[in-house]
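A.B. asks: Sending over a structure as structure tokens; questions will come in a sec.
Throughout, read-outs are computed from the coordinates displayed, never taken from laboratory work. Since we're looking at a predicted model, the values are computed, not measured. So basically every Cβ, Gly included, is an ideal-geometry build from the backbone, and we count neighbours across all protein chains shown.
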Amino acid sequence: MTESPTRQHGPARPAGGPLARAKALPPWTLLAAGAVLGGLLGGSYGVLKPPQYTATSYVIAVPTTKSDTASALGFAQAYGRVATQLAVLGDAQVWAGVPVKTLQRSVQTATSPDAPMVAVSATSSRPDVAADMANAVSRALTRHAQDSQDSTHVELVSFSRAVKPTEASSAPPTVTGLVGASAGGLLGGLVLLVRPRRTAESARAASVPGPAMAADVHGQL
């Protein structure tokens, strides 16, 4: 019986490529990587985006001698919806000095079910422009209410003018960074839940000797 030469085996190489090495990392690394990446993206967004300023003016509906408080409250709700319509914003653009599309995008109104008051808020990257837009819309809304006062028996008057804001209403970079870190950590946790797990059968299959080792044993017999 002839003996076959013993095969020389080189040093063992780690099985798999980058994907296998990534799967071998501890599970918490996905959470940490997602949180760090999300924090960096959120913080960068807060730094690069210009701060936004919001100014608010208030108008109040006052009943005339031919009306009552309940009617004034109802018309205040209606005027709150009319304030952002094209008929009002078309007049407001003259005093605000901005296009109608900017007013449509930047102006919002709010009303209260308990008080006949309309709050007109405007947002802009410039504090003075935000105040001008809010006051312009309030002025235009008051004008439209005066035109129909004989039929509504409700007068709309200015209660408080908008002043130039001194602090930004948008979130600072620290807040956007924390929000991004939370979102990134959540995404990393979801990836951790759906990634395939290594089963016990695959672990046993990986420990079975390869055909090269079996051939060496057969040649020695």
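A.B. asks: Which residues in the stretch 122-154 place their backbone N less than 15 Å from a point set 7 Å from the Cα of K164 along the Cα-to-Cβ direction?
C.D. replies: The answer is 124-135.
A.B. asks: Also: Between L178 and V157, what FRET efficiency comes out of the Förster formula 1/(1 + (r/R0)^6) with R0 = 45 Å and r the beta carbon distance, rounded to 0.05?
C.D. replies: 0.55
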